[in-house]
Amino acid sequence: MIERVESLGAAALAELEAGPLEESWLADFEVRVLGKKGSLTLLLRETGSLPGPERPAFGAKVNAVKAAVQERLGERRARAAQAGLAARLEAERLDVTLPGRPLRWGGVHPLTRMTWEICDIFGRLGFNVEGGPELEDEFHNFDALNMPADHPARDGMDSYYLEGAGPGGARGVLRTHTSSVQVRVLRRRKLPLRMLAPGRVYRRDAADATHGAQFHQVEGLAVDRFGAVRFSDLKGTLEAFARLMFGRRLGVRLRPSHFGFTEPSVEVDVQCFQCQGSGCALCRRSGYIEVMGAGMVHPGVFRACGHDPEATAGFAFGMGVERIAMLRWGIPDIRLFTENDPRFLAQF
């Protein structure tokens, strides 16, 4: 029996030495030879069939052989681990003499860049930047701007409402224009004032090449005593902005319009950059693209904001940042600004 133990031990050591340096193979070898049903472990079950005096020597011999195989198995596993690490290091080896990978620097989003430029132009004309909340109450977004309860713009098909989100649990509205900031400034500031209100606004518009449900506006307001601000000042301000923003390459026109919070009111159009005024699908064959609305502040707005409409005058205007950017850089589709395509953004 002793000879049989030695023979099995020698065979196990020989197999272990000749086997591959792979953890999967070594694990299988351990189960076959040293496991609960391994060839060396099963020898211990034969101890009971031996005469009493021979049992201690037999058991000691089996345990010694198992220990020798276990020790050799540990050595082989250590070598396998070293070989695996060496192979991985070779496969992942870096050539430190190669130049490093260039870092791609991020940039300012074109809409942010355009907002800064608009504010800079009007800043040179004496306008200061003001801010306000995007979630408004109906007074600041509609009532104070001369929009009665039955005004079409207040319909749920045009505006986003949030029940219980306003002051005192009243209905709130995602602002449909940054004109609400003008109301807040008029109610807290003394005259005269010139202000800009850039920010994000929301309307239930179907998305197309020139419209979206979420976009950016810059509102402007200039107010002083009656007679100190005239419609000619509004016209000169807007023409100065158009020249500074677009140069003289695109024509500008003012045409009569209607807004509830200005009277008289005008639409400001800039010649289409794509067709140069001849008419195309982008400008809907008109040759011009609307970029802003403007007009003299309605007396009802002054009254709602605590100013005497007989002693106060002012003008207001509001423009879409996306449309100004489209005209300035020749961008054919407003949706490009929100698609986050790096090929588009990298151009700015």
Toy charge model, Lys and Arg Cβ at +1, Asp and Glu Cβ at -1: the chain dipole around Cα centroid in debye, rounded to 20, equals 640
Scoring the chain by relative contact order with C-alpha pairs under 8 Å, at least six apart, yields a percentage of 14
For the range 127-144, in residue order, the Karplus 3J(HN,Hα) values (coefficients 6.51, -1.76, 1.60; θ = phi - 60°; whole Hz; Gly and Pro = x) are 9, 9, 8, 10, x, x, x, 7, 8, 10, 9, 5, 5, 6, 7, 10, 4, 5
Loop-resident chymotrypsin sites (Phe, Trp or Tyr not before Pro) in the range 182-283 with no more than 14 other Cβ atoms inside 10 Å, DSSP not H/G/I/E/B, are Phe226
Across 5 Å bins beginning at 0, the whole-percent shares of Cα-Cα pair distances in the range 217-339 come to 2, 11, 20, 20, 16, 12, 8, 6, 3, 0
Label model pair Ala81, Asp28: point-to-point distance (7 angstrom along the Cα→beta-carbon line) in nm is 2.3
Any lysines whose Cα falls less than 24 Å from that of Lys37, other than same-chain ones fewer than 8 residues away, would be Lys61, Lys66
The farthest towards the positive end of the charge dipole of the chain, of the residues Met114, Thr176, Phe241, given +1 on Cβ of Lys and Arg and -1 on Cβ of Asp and Glu, is Phe241
Over all Cα pairs of the range 179-252, the Kirkwood radius sets Rh, and Rg/Rh then becomes 1.05
Subtracting the Cα-Cα distance of Ala14 and Asp155 from 0.36 nm times their residue separation yields 41.9 nm
Per DSSP, the loop-located trypsin sites (Lys or Arg not before Pro) within the range 66-105 having at most 13 other beta carbons within 10 Å are Arg93, Arg104
Interchain or sequence-distant (5+) residues whose placed amide H lies within less than 5 Å of the amide H of Cys272 are Gly277, Tyr288, Ile289
Taking the convex hull of the alpha-carbon atoms of the chain and averaging its shadow over every direction gives an area in square nanometres of 34.6
Phi-derived 3J(HN,Hα) across the range 320-335 with the Karplus relation (6.51, -1.76, 1.60, θ = phi - 60°), rounded Hz, x for Gly and Pro, is x, 5, 4, 5, 5, 5, 4, 5, 5, 10, x, 8, x, 9, 5, 5
Against the 2.2 N^0.38 Å rule of thumb, the C-alpha Rg of the range 2-91 sits at a ratio of 1.30
Given the candidates Ala10, Gln82, Gly59, the one whose Cα lies deepest towards the positive end of the charge dipole of the range 2-91, counting +1 at each Lys or Arg C-beta and -1 at each Asp or Glu C-beta, is Gly59
For Arg230 and Ser7, extending 7 Å from Cα along the Cα-Cβ vector and measuring point to point gives, in nm, a value of 12.4
Measuring from its Cα centre, the range 1-118 shows a charge dipole (+1 at each Lys and Arg Cβ, -1 at each Asp and Glu Cβ) which, in debye to the nearest 20, is 320
Per the helix-only model, the chain has a calculated mean residue ellipticity at 222 nm (DSSP H runs of ≥4, -39500 (n - 2.57) each, divided over all residues, rounded to the nearest 500) of -12000 deg cm²/dmol
Karplus-derived 3J(HN,Hα) from phi for the range 251-268 (6.51 cos²θ - 1.76 cosθ + 1.60, θ = phi - 60°), whole Hz, x at Gly and Pro, runs x, 10, 9, 10, 10, x, 8, 9, 9, x, 9, 9, 7, x, 10, 9, 9, 9
The aspartates and glutamates whose Cα lies under 13 Å from the Cα of Lys190, excluding any fewer than 8 residues away in the same chain, are Asp224, Asp308
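Once the mean 1/r over all distinct Cα pairs of the range 91-221 is inverted, what Kirkwood radius in angstroms do you read off? The partial results should precede the final answer.
Working: mean 1/r = 0.0569 Å⁻¹.
Across the range 91-221, the inverse of the average 1/r is 17.6 Å.
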With DSSP loop assignment and no more than 16 other C-beta atoms within 10 Å, the trypsin sites (Lys or Arg not before Pro) in the range 126-231 are Arg171, Arg189, Lys190, Arg204, Arg230
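The numbers here are math on the coordinates, done by the rules we state, and not lab data. In this text, all values refer to a predicted model and were calculated from it rather than measured experimentally. Backbone-built Cβ (ideal geometry, glycine too); neighbour counts: all protein chains shown.
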